């Protein structure tokens, strides 16, 4: 056996494993995008709760973010994946429905979203605090309800401050999807491992998977930087360094 | 792009004296929450199955030791590698600068799990092909899993911290370097006396966050058969068929570890004068 790469193994059609890798890559992107969006939703509510919520809500959210930030993602994913699906199916049995089987993708998105939500909460909280209070007070003075102020003033105004953190979170989300390989969800990393195990071409497949991840990161980087520049276009440039 | 700062406190609160802690904990809703949490804990202890714990305690201790060794070793070696990585990105000749930037980008742009499997399965398979390596003294180590886990963790830490060091080296005010030059110091002296210490100094506050992130990466070594704390818990789960108890125990241990680490790093940080 030689160490020279046999690139024929990467062919798209069945003797090659290209298709398996690309399907895995697509599933990784789906997971990351779904988890990221869920994380943003949790983050917005979390930040609003931390800033404007009652004492109990604030403390509970503090516990949520603290636990997520202190415990390894791998452990959290295992915990949410097994315990979450177990609890949900038990609950549905207790309520008289038939056992629900949550498909891997939804469970994975839920897990990534819960982890992302904790970080997004902190990002949004910091960003909302960076919005001059006068703007929010002015909106209140115009008689807008809390949700309307949030939608029309606070969220758009905090966006430029939140974007650098959100860009980082997207990078973390794409890389965290790999951890779902450990619970048997066949995203890119697990697909690469299966292909490598079947063909013994470990270096080739792991390097190809790495190249795909890297391409995703680099392309996202370019797009995010452009979005960031656009969102900051009205801001005083002293903050841009 | 700056790495996400997730551990440093949002705004450093006034020093937590015992009295202040009492005031913070003494608020009525916190007392209720604490009682609820406590009753949950008591219920968990009574209603759940913890019979496996005494039997596995020595193994868990060994696993914890392995986790901590991986953390400490990879942080120390990774930091030593991060110094040149950061330095050549700021002041190196272009091939070196290009290499270091490519290295940091590639490592930071791919999942650590993939890197670990690449090293363990990929490099491991390559090494096994060469009889010269199989016959040498190194094979005793290369056959085992922990060197690959250690290598992957070290590389990862070096890349992330290298990026921090790049910023730190670049961020030392030019005036300080020019002042050193004006005093007639040689380039090496400027580096040794001003540039290097100032850069490390600037990087220290982010080091705590990076170390916590590194602690959270260590359980990945369990996927390549290194028996750290996480791997022992996996063994427990497979032997006892328990879903909740071992995982909750693991979460509790990591919470304590992170908490202790944060306290220790904060204590260390306060001992370094910041000059502000």
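Readers should treat all values here as calculations from the given coordinates under stated rules, not as data from a laboratory. Treat the numbers as computed from the prediction; the structure is a model and nothing was measured. Cβ sites come from the backbone with ideal geometry, for glycine too, and all protein chains shown count toward neighbours.
Couple of notes before you dig in:
- As a calculated quantity, the FRET efficiency between residue B:62 and residue B:102 at R0 = 30 Å, using C-beta atoms, amounts to about 0.20.
- Distance in nm between pseudo-label sites at residue B:53 and residue A:137 (7 Å out along the Cβ direction from Cα): 5.3 nm
- Between residue B:25 and residue A:102, the simple spin-label model (points 7 angstrom out along Cα→Cβ) gives 3.4 nm.
- Averaged over peptide B:258-268, the number of partner chain Cβ atoms lying within 10 Å of each residue's Cβ comes to 1.
- Computed from Cα positions, the angle between helix A:188-199 and the longest principal axis of chain A comes to roughly 10 degrees.
- Extension reserve of the residue B:36-residue B:243 stretch, reckoned as 0.36 nm per residue once the Cα distance is removed: 72.2 nm
- The helix-only estimate of mean residue ellipticity at 222 nm for the protein assembly as shown, built from DSSP H runs of length n ≥ 4 each weighted as -39500 (n - 2.57), is -24000 deg cm²/dmol after division by the residue total.
- As a rough guide to protection, the peptides B:205-217, B:91-103, B:248-260 ranked by mean Cβ packing within 10 Å, highest first, stand as B:205-217, B:248-260, B:91-103.
- Per residue, the convex hull volume that the Cα atoms of segment B:54-271 enclose (Å³): 162 Å³
- Gain upon complete extension [residue A:51, residue A:223; 0.36 nm per residue less C-alpha separation]: 58.9 nm
- Of the peptides A:219-228, B:32-41, the order by per-residue mean of other Cβ atoms within 10 Å, starting with the highest, comes out as A:219-228, B:32-41.
- Length-normalised contact order for segment A:98-241 - Cα pairs under 8 Å, 6+ apart - percent: 22 percent
- Gap separating the Cα centres of segment A:19-53 and segment B:119-139, nearest whole Å: 40 Å
- Full extension of the chain segment joining residue B:267 with residue B:46 gains 75.9 nm, where the gain is 0.36 nm per residue of separation less the Cα-Cα distance.
- Short-range pairs are left out: with C-alpha atoms under 8 Å and at least six residues apart, the relative contact order of chain B is 27 percent.
- Computed from Cα positions, the angle between helix A:85-94 and the longest principal axis of chain A comes to roughly 70 degrees.
- 10 Å Cβ neighbours from other chains, averaged over peptide A:187-193: 3
- Taking the average, over residues, of other Cβ atoms within 10 Å as the packing measure, peptides A:169-175, B:185-191, B:133-139, B:17-23 rank A:169-175, B:185-191, B:133-139, B:17-23 from highest down.
- Mean partner shielding of peptide A:205-212, defined as the number of other chain Cβ atoms within 10 Å of each residue Cβ, is 5.
- Efficiency of FRET from Cβ geometry, residue A:60 and residue B:93, R₀ 60 Å, rounded to 0.05: 0.65
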